[in-house]
Amino acid sequence: MGWRDDPEMRKAYYAAYYQKNRDRLLSSYSEYQKNNPKKTAVHSATYRARNPEKVKIIRKTYSDAHPGSTVAFGTKFAAEKRHALPSWYDHEKADLIYRQAAWITMASGIKHDVDHVIPFAGSLTGGKRGPFNVCGLHVHTNLQIITKNSNYKKGNRFDPDGYLHVGTSL
């Protein structure tokens with residue numbers, strides 16, 4: 001009885017083969033995905049439909065391991081829906097801010113959020129200007145890390161009188 005007939009031996013063989021050829025296999029699969037986007041999209045959708053519990057576990061595992069990136073992705077998706085994501089959006093810089101917020105939360109034990117200084121859809125408050133609608137962009141220069149409690153108190157408001165731009169000094 002050879003490795004092809006014994007399920008445990010076959011599993012061990014393929015695991016060893018994958019480890020030995022990991023980079024080449026991943027590169028090959030990545031190239032296939034680029035060349036066949038429709039086929040891979042159909043395959044992925046079929047897999048997700050047939051294995052909802054496995055997909056849920058995979059997503060949860062990734063989310064737990066990468067909390068900042070997961071939140072960044074969700075916020076980017078919301079920004080795209082609101083048309084608040086410009087063509088010059090720098091995903092890496094925004095993602096870094098979300099990862100920093102997750103790290104600060106873990107290090108301090110105090111929940112921190114990434115806040116939009118000028119909200120996606122909010123109102124101007126403060127001063128004599130009265131309530132006006134504002135719409136900020138989802139870009140790294142419009143993001144700040146604040147405590148969850150402070151973010152809750154701020155809500156979807158922007159106070160231009162209390163705003164100190166990053167490039168200005170006191």
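So, in the range 79-108, of the ones that are open to solvent by less than 40 Å² (accessible area, probe 1.4 Å) and assigned to a helix (DSSP H, G or I), which residue ends up modelled with the lowest pLDDT?
Only one residue fits best here, namely Ala79.
Please enumerate the residues belonging to the range 40-93 that are in contact with a His (Cβ under 6 Å, 6 or more places away or on another chain) and aliphatic (A, V, I, L, M).
Answer for the range 40-93, where residues must be in contact with a His (Cβ under 6 Å, 6 or more places away or on another chain) and aliphatic (A, V, I, L, M): Ala79, Ala84, Leu85.
If you scan the range 126-146, which residues turn out to be assigned to a loop (DSSP other than H, G, I, E, B), of a type outside the set (A, V, I, L, M, F, W, C) and at pLDDT below 75? Working first, answer last.
Just the residues of the range 126-146 that are assigned to a loop (DSSP other than H, G, I, E, B), to begin with: 126-132, 135-139.
Then drop every residue that is not of a type outside the set (A, V, I, L, M, F, W, C), which leaves 126-131, 136, 138.
Those that are assigned to a loop (DSSP other than H, G, I, E, B), of a type outside the set (A, V, I, L, M, F, W, C) and at pLDDT below 75: Gly126, Gly127, Lys128, Arg129, Gly130, Pro131.
Please name all residue pairs, on different chains or six or more residues apart, with Cβ atoms under 9 Å, provided the first residue is in the range 25-44 and is open to solvent by 70 Å² or more (accessible area, probe 1.4 Å) and the second residue is aromatic (Phe, Trp, Tyr) and assigned to a helix (DSSP H, G or I).
Lys39/Tyr32
Give the number of residues within the range 1-24 that are assigned to a helix (DSSP H, G or I) and open to solvent by 100 Å² or more (accessible area, probe 1.4 Å). Please lay out each step first, then the result.
So the first thing to find is which residues in the range 1-24 are assigned to a helix (DSSP H, G or I), and the list is 7-20, 22-24.
Next, from what is left, pick out any that are open to solvent by 100 Å² or more (accessible area, probe 1.4 Å): 8, 11, 14, 19-20, 22-24.
Qualifying residue count for the region: 8.
The values are calculated or read from the model by the stated rules, or taken from the named source; none is laboratory data. In this text, all values refer to a predicted model and were calculated from it rather than measured experimentally. Note that we place each Cβ from the backbone using ideal geometry, even for glycine, and neighbour counts take in every protein chain shown. We work out accessible area using only protein heavy atoms, side chains counted, and drop any ligands, DNA or RNA first. Shrake-Rupley method; radii C 1.70, N 1.55, O 1.52, S 1.80 Å.
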